[in-house]
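Down below is the structure, laid out as structure tokens.
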Protein chains: 2
Amino acid sequence: MTHKVQVTYLPVGEAREPVMTRVPEGTTLFHAAHWAGLPIDSTCGGRGTCGKCGVRVAVGHAARTLADYRHLSERLDEGWRLSCQAVVAEEMTVEVPRLLHPPRAATMGVGRFVLLEPNVQKLMLELPAPSVDDHRSRLQHVRDALVEEGLEVTHDADLLPRLAEVLSEDAPTVTATVVGDRLVDVEPGDTRERMFGVSFDLGTTTVVATLVDLRAGAVSAVTSTINHQAPYGADVIARMGHAMGGPDEREQLRSAVVETLNGLLDDVCASASVAREDIYEAVLVGNATMLHLLLGVDPTSIALSPFVATFVDPQDLRASTAGLAIHPRGRLTLLPSFGAYVGADIVADVLATGVARDPERRLLVDVGTNGEIVCGSEARSVATAAPAGPAFEGGQVRCGMRATAGAIEGVDLEHGDVRLEVIGDVAPVGMCGSGLIDAVAQLRAVDLVDETGALLSRDDAAGHPLAERIVELEGGLKAFELAPGVVLTQLDIRELQSAKGAIATGIEVAMDTLGWTAVDLDEVLLAGSFGSYINPQSARLLGLVPPVPVERIKAVGNTASEGAKMALMSFREREVAFELPSFVEYLELSAQEDFNDRFIRNLRFPALEMVAS
Amino acid sequence: MTHKVQVTYLPVGEAREPVMTRVPEGTTLFHAAHWAGLPIDSTCGGRGTCGKCGVRVAVGHAARTLADYRHLSERLDEGWRLSCQAVVAEEMTVEVPRLLHPPRAATMGVGRFVLLEPNVQKLMLELPAPSVDDHRSRLQHVRDALVEEGLEVTHDADLLPRLAEVLSEDAPTVTATVVGDRLVDVEPGDTRERMFGVSFDLGTTTVVATLVDLRAGAVSAVTSTINHQAPYGADVIARMGHAMGGPDEREQLRSAVVETLNGLLDDVCASASVAREDIYEAVLVGNATMLHLLLGVDPTSIALSPFVATFVDPQDLRASTAGLAIHPRGRLTLLPSFGAYVGADIVADVLATGVARDPERRLLVDVGTNGEIVCGSEARSVATAAPAGPAFEGGQVRCGMRATAGAIEGVDLEHGDVRLEVIGDVAPVGMCGSGLIDAVAQLRAVDLVDETGALLSRDDAAGHPLAERIVELEGGLKAFELAPGVVLTQLDIRELQSAKGAIATGIEVAMDTLGWTAVDLDEVLLAGSFGSYINPQSARLLGLVPPVPVERIKAVGNTASEGAKMALMSFREREVAFELPSFVEYLELSAQEDFNDRFIRNLRFPALEMVAS
């Protein structure tokens, strides 16, 4: 791991306490301040061109850079530096002036205070009239006007025909749209009120699109749909299997996901009456396999040992390269992944929850075919993934089903009878993941399932008020009848046991790496759409999560979507997302020598309890 | 103009004199050394990543940059800096160590000594086997291996599918191809011997392609063809006129030129047995209008006052964006232009001849529909363009024709008879530009044309051995019969007069700006394919060039093509080309208040003589 260094920020002219943070060597003072939640002024987004992010280095040494000479020449001797150019190499104390123009902010994710400064900017420029005395090209006119605004831009070659067209109208007022440091459009007149972005949470099952009015800092429309890759496999393992069929199969998967995203774009644009051309940027998260498939990259190396992704770092590309139909020169950013099995969706979870950035010691679990686990605090954090298999999504379970009408999603056996929560106003026809967890947890609570996961026979349960519900199926398979035609079999319990054993092992390894036991945990966060439905009490009962007081277990909902939206609406949050993989250690669970021993121990309900001993 | 600062380089460990140069403030020590013809070691091309370009700053101040800390930390106090990061802000003296690995070099252009270090590099890498203990992505493996070689690279998103494909073969040896700082391909095994580039000289009339083996540093094939835009107009003015017809017309012009370039690619690839996929980079020069049309940019603003280009700075794009069929992720670089009418072809002329870079005081003239003029030395240089019109290309001339079979290209009247040089072994059918110049110059030499351009009548010429050749055509139009059916009319002489007047005025303005007269000129260079055919004596006689001793007038041939090739074969030369526009002042001739007075005076044969008075 990179060596970490402490930086202390002293806010000047504000009634704020000093802010301390520890960042990897080589981080800039500007980004380290993001990390610590302290905003430093900037209009260029930390590119050294606007000259607004000056801080005074009181203790420690920061080299004088060219940008410093350009913007702060008279104050260099006093220790002033552009924080975006100053790199942390040793312990430092830095004075930070108050924000000159405090940007708008909003509370997003799980109580995160987010400054609304998107990576897209629209600037109204008054261009000089072309003249024989002025030898600059028209492009240079635009670039020089942007430099006045503190932005040094690049461009793609196909901006040039557009530029010639727009500037031929001889109207001096134009609006330049800059995404990051790239000039993507110039329009006649003042179009600043039309500036949109879109974030995508590209799940294996469900894909969510959020259209954001970047000018207003508000969501314009949200919609979701089934990933059109579904016909090629129910879960991520199946999709990888299909992709391994060859280039044609990968192209099927790629075009299916592009079609899904463009369909969502149609929907959000229609519902908010926004033109696609006014969407300048997309931010996308998803697991590493989804990101590979979106870019047409063979995910075989993720599927097979040693489980290595082709790419995990953030990707910045033209949206059109990926087939995304936003502005023709609009950009697409994929957030980074922690590793092959802890993807950009989990980076977004972490962004939206503040795990790894706050002093609180937290465990975040995203339960699914893979259970992704992030555990830590600002001091140190680790991430890992546990191969849970399909049980939580209703796979390999006799009466398993997705969380749709007729699914049992909650079970209560503690009153001597069977009380069920069923989705929709219909008779139960099966159970979804949360129902499965509840059912097993309740059977365990009423002692019809023992610590080894064995369901008592009707004989052994004699006298128990629910003994009559225990039935014997073909081949002597024991089962518990939840409702007419809906049974939970011994095999189903074994499936759940295996899934929970994998996740509990991941949690255990992560916590052991940090030297933590359950008492060290301030919070356990259950993330992902499935996580929101798990009964915290049941999760604790089964040892799916460590034995913390149940009020510390929180379902935080779809934080991946929320994190993607944050990265879209705030360049500072995006930078934090980009840096998260270097702050959070990735553990490959299959590389743990004692994995099998741990797994077998954690099959017990609830072995994870032992962490707290 | 940018303020210029003197830098003195002291070569250490070499028997070389100190090298002095004056460069605009803000130039790096590395590039200033290129400029002065002194190579400093580098494998990353001046991007601050290889750490090889260290120099010791003996006099003057250079800020310590992050790259300095990374590569030279222990020698900073002694004044060592990476020259590619150190910016010239004041007079400096710098010690330069001897090149560790002197690259191959060749003499190119007009006696230029060029180091053969292309912008394309192929590196053989040994990648680590993927392992569960190594959390890096496959992309990171490649990037880390390149960092070991001193290269920090970016990539386009569509490299990723290729990467997954190549690295799935589990062979540890791959060859990475880097163009500039962009990783464009990874191939299995060692493919270093296949590394090609192509340079294009995109003329309005003729297009030349040069295929270069970048590994060997040698030309593999050269071919040329007529620009397929020809049906849309004979000269650049006509092409602009066609382009102003609308988007369809611009698309006709764009696709015609792309087709021309791809046709040439086919030819050079076939003749050298090279695959298009092994061509990783193209460098292209041409006048600004040709560059605009290639990128689909409306050239109207160039055509109409105040004559402003949409772009003049260098463009770096994917070759595929411009429709160029080289390696799918290959790059295309357009050299910069000095201004709307002094294009990248003239930048290439300057690169290939050393004008503006050498101490010699030189005038370079590229004669055509526009006469482009560059005049100066390392101390100061200016560029301008003169609207000569079509006369030099045979347009508006009764018996004018292109330089093909049957064209009179040389005339000698000094022996009392008419001696002609005709292209091809055929009877003369017309005259090309050089023939026109020769004919008028010879008539002037034998006093049949006076200083005002008036052709004597047969009566006034009575007694002259050539008087019989003077004829009278329709409407009393006087003419001189060069050959049966081939006449030079008084109107033709007026056309030439007007063309020469424009160019002479441009030369005069350029030289006046520098405070030079003819005696200050060390050399006059006639560039361009047409320039090579002009009789220097005739050019001087007519006042098309200043009155210097005729041996100082040199036809230098197609230096545009040569300059493009130099920029392809040497990243250092390319950087010089990129910087030339900030060294050379662009004069817009039509903005000169006394243009008309000067033009009228320069209609005389030979008013330019007066410069020397």
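The table for this structure:
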| quantity | calculated |
| --- | --- |
| Selection within region B:135-191 - among the charged types (D, E, K, R), in a strand (DSSP E or B) and in contact (Cβ under 8 Å) with a residue 24 or more places away in the chain | B:182, B:185 |
| Number of positions in region B:136-159 that are facing chain A (nearest Cβ under 8 Å) and crowded, with 21+ Cβ neighbours inside 10 Å | 3 |
| Complete set of residues in region B:549-564 that are in a helix (DSSP H, G or I) and farther than 18 Å from residue B:37 by Cβ | B:550, B:551, B:552, B:560, B:561, B:564 |
| Among (1) within 27 Å of residue B:427 (Cα to Cα); (2) assigned to a helix (DSSP H, G or I) - the single one residue B:475 does not satisfy | (1) |
| Filtered residue count, region A:160-171, keeping only those that are small (Gly, Ala, Ser) and surrounded by fewer than 20 Cβ atoms within 10 Å (Cβ to Cβ) | 2 |
| Failed item in (1) within 14 Å of chain B (Cβ to nearest Cβ); (2) touching a Gly at 6+ places or on another chain (Cβ under 7 Å); (3) among the hydrophobic types (A, V, I, L, M, F, W, C); (4) surrounded by fewer than 20 Cβ atoms within 10 Å (Cβ to Cβ), with residue A:84 passing the rest | (4) |
| Filter pass, residue A:377 being free of Cβ contacts under 8 Å to residues at least 24 places away in the same chain and farther than 18 Å from residue A:608 by Cα | yes |
| Any hit, region A:324-341, residues being without any contact (Cβ under 8 Å) to a residue 24 or more places away in the chain and either farther than 20 Å from residue A:286 by Cα or of a type in the set (A, V, I, L, M, F, W, C) (or both) | no |
| Selected residue [within 25 Å of residue B:559 (Cα to Cα) and more than 10 Å from chain A (Cβ to nearest Cβ)] from B:324, B:334 | B:324 |
| Residues satisfying the stated conditions in region A:286-321, i.e. within 28 Å of residue A:193 (Cβ to Cβ) and more than 7 Å from chain B (Cβ to nearest Cβ) | A:316, A:318, A:319, A:320 |
| Residue B:238 being closer than 30 Å to residue B:302 by Cα, buried (at least 22 other Cβ atoms within 10 Å of the Cβ) and of a type in the set (Gly, Ala, Ser) | no |
| Number of the exception - residue A:274 against (1) in a loop (DSSP other than H, G, I, E, B); (2) touching a residue at least 60 places away in the same chain (Cβ under 8 Å); (3) within 14 Å of chain B (Cβ to nearest Cβ) | (3) |
| Residues located in region A:303-323, provided they are at pLDDT below 95 and buried (at least 24 other Cβ atoms within 10 Å of the Cβ) | A:308 |
| Unique match (being more than 23 Å from residue A:144 (Cα to Cα) and surrounded by 24 or more Cβ atoms within 10 Å (Cβ to Cβ)) among B:263, B:330 | B:330 |
| Members of region A:358-377 that are of a type outside the set (Gly, Ala, Ser) and closer than 21 Å to residue A:337 by Cβ | A:362, A:363, A:364, A:365, A:366, A:367, A:369, A:370, A:372, A:373, A:374, A:375 |
| Complete set of residues in region A:266-293 that are over 20 Å from the mean Cα position of the chain (by Cα) and not hydroxyl-bearing (Ser, Thr, Tyr) | A:266, A:267, A:268, A:269, A:270, A:272, A:274, A:275, A:276, A:277, A:278, A:279 |
| Which listed residue is among the small types (Gly, Ala, Ser) and surrounded by fewer than 20 Cβ atoms within 10 Å (Cβ to Cβ), from B:543, B:515 | B:515 |
| Matching option when the condition is among the hydrophobic types (A, V, I, L, M, F, W, C) and surrounded by fewer than 23 Cβ atoms within 10 Å (Cβ to Cβ), among A:207, A:184, A:219 | A:219 |
| Positions within region B:172-181 being more than 14 Å from chain A (Cβ to nearest Cβ) and crowded, with 18+ Cβ neighbours inside 10 Å, in sequence order | B:175, B:176, B:177, B:178, B:179 |
| Contacts under 6 angstrom Cβ, first residue in region A:253-265 being assigned by TED's automatic domain parsing to the domain that holds residue A:202 and in contact (Cβ under 8 Å) with a residue 12 or more places away in the chain, partner part of a helix (DSSP H, G or I) and of a type in the set (Gly, Ala, Ser), 6 or more apart | A:253/A:243 |
| Entirely in region B:1-104, the strands (runs of 3 or more DSSP E) that have 1 or more residues that are aromatic (Phe, Trp, Tyr) and outside the structural domain of residue B:215 (by TED's automatic domain parsing) | B:4-12, B:80-82 |
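The values are calculated or read from the model by the stated rules, or taken from the named source; none is laboratory data. Remember, it's a predicted structure, so these values are computed and weren't measured experimentally. Because the Cβ atoms are built from the backbone with ideal geometry, glycine has one as well, and the counts that use them run over all protein chains shown.
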